[in-house]
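Here's the structure, in structure tokens; my notes come after.
The values are calculated or read from the model by the stated rules, or taken from the named source; none is laboratory data. From a predicted model like this one, the values you see are computed outputs, not experimental measurements. Don't worry about glycine lacking a Cβ; one is built from the backbone with ideal geometry, like all the others, and counts go over all protein chains shown. For the accessible areas, the whole protein counts, side chains as well, though only heavy atoms, and no ligand, DNA or RNA atoms are used. Shrake-Rupley method; radii C 1.70, N 1.55, O 1.52, S 1.80 Å.
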Amino acid sequence: MIKYIKRSDLDTAKYNACLDNSPNSRIYAHSWYLDIVATNWDVLILDDYKAVMPLPWRQKYFIKYIYKPCWVQQLGVFSPNIIDEKLVRAFISAIPRTYKKISIQLNSNNPITGKEITKKVNYILDLDKSYEELFNGYKSVRRRNIRLSIKNKTIVSKTGNYNELINLFKTLKKDEVSTREADYSKLEQLIHFLIENNKVDVLKANGVNGELLGGAFFLRDIKRITYLFSIVSNNGREQNVMSDIIDSVIENSANKKLILDFEGSMIDGIAFFFKSFGAMDEGYCLFQKNKIV
């Protein structure tokens with residue numbers, strides 16, 4: 001039986017254990033993650049936490065709706081057991097009718113078809129190979145750019161100063177993105193928490209003169225390294241520093257049973273960039289439904 005559980009009544013230990021034991025686990029679904037980034041969230045639970053489905057929600061003009069929080073890509077149904085379309089549909093049908101609109105990006109292990117579905121593409125790279133093998137799997141343009149950075153003496157290093165990267169993003173992208181100030185604040189809270197709990201690598205790239213050229217946040221859990229956020233300056237773009245940053249993550253994580261999750265893109269240029277590291281397609285679905293009509 002699928003039950004609707006309010007966040008305040010959730011057994012967080014059982015909930016997070018279900019996620020950790022699920023082959024399709026995603027870091028975004030953990031209770032501590034959603035507590036930071038979601039306005040509100042509750043959960044659908046099968047029996048005694050055999051499967052779970054977090055439901056981030058908001059309310060506007062007395063209308064409650066399920067939404068995708070900023071800094072979250074895939075949620076949906078998670079379980080240590082096999083997930084088929086019948087189970088996914090059962091969970092979706094169990095969403096209370098008080099939610100008049102639903103928008104959920106299901107994870108790649110949630111099979112589903114229908115008119116409410118929009119197919120989307122993620123890109124992933126299996127890191128359980130030697131760095132040499134992984135590097136040889138890059139497209140030639142990517143290998144060439146990385147070798148060029150050696151000549152430019154670009155320095156990639158870890159940093160605890162995540163705010164300088166967020167501020168650089170705000171400065172350079174303020175006219176291109178619609179990210180709200182509240183979402184930047186949540187990102188700061190999230191990265192602060194993740195640093196304290198050793199669940200993120202904050203990397204930056206500097207030129208030989210010390211100029212900040214760019215940086216990125218890579219979330220870490222027991223199954224995936226997730227490329228959450230990045231920014232490059234104009235000089236950094238000319239020097240292809242994001243190639244250096246991603247390559248450093250791959251080199252330092254090679255021969256480990258981990259997946260590098262690029263978080264995908266439907267933009268051709270960005271998709272090509274991810275694929276140039278040898279990344280493979282991983283499809284997932286956006287489920288949308290309007291219950292007002």
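Some points to look at:
- Dipole magnitude of the stretch 195-293 about its Cα centre (Cβ charges: Lys, Arg +1; Asp, Glu -1), debye to nearest 20: 480 debye
- Electrostatic tally near Lys186: other residues with Cβ closer than 11 Å to its Cβ, Lys and Arg +1, Asp and Glu -1, net -3.
- Of (1) 155; (2) 140; (3) 169, the label for volume of the Cα convex hull per residue in Å³ derived from the coordinates: (2)
- Principal-axis tilt of helix 140-152 within the chain, Cα atoms, nearest 10 degrees: 50 degrees
- Surface accessible to a 1.4 Å probe, per residue, for the residues of the stretch 174-293, Å²: 48 Å²
- Among Ala182, Val241, Thr118 - extreme Cα towards positive end, dipole of the chain, charges at beta-carbon: Thr118
- Rule-of-thumb Rg ratio for the stretch 91-243 [Cα; 2.2 N^0.38 Å; N residues]: 1.28
- Nearest-ten-degree value, helix 181-196 long axis tilted from longest Cα axis of the chain: 80 degrees
- Crossing angle, helix 162-173 versus the chain [Cα axis fit, 0-90 degrees, rounded to tens]: 90 degrees
- Computed log₁₀ I(q)/I(0) - Debye formula, equal Cα scatterers, no solvent, the stretch 1-94, q 0.19 Å⁻¹: -0.86
- When you restrict to C-alpha pairs under 8 Å that are six or more residues apart and normalise by the size of the chain, the relative contact order lands at 24 percent.
- Rounded, prolate or oblate (a/c below 1.5 giving rounded, otherwise prolate when a/b exceeds b/c) for the stretch 195-286 by Cα gyration tensor: oblate
- Cut-off under 5 Å, modelled amide H: who pairs with Glu282 long-range: Asn122, Tyr123, Ile124
- Lys158/Met1 FRET efficiency (R0 45 Å; Cβ-Cβ; nearest 0.05): 0.45
- Checking the Cα-Cα distances for Lys153/Lys275; Lys199/Lys256; Lys129/Lys153 against a 21 Å cut-off, the pairs over it are Lys153/Lys275; Lys129/Lys153.
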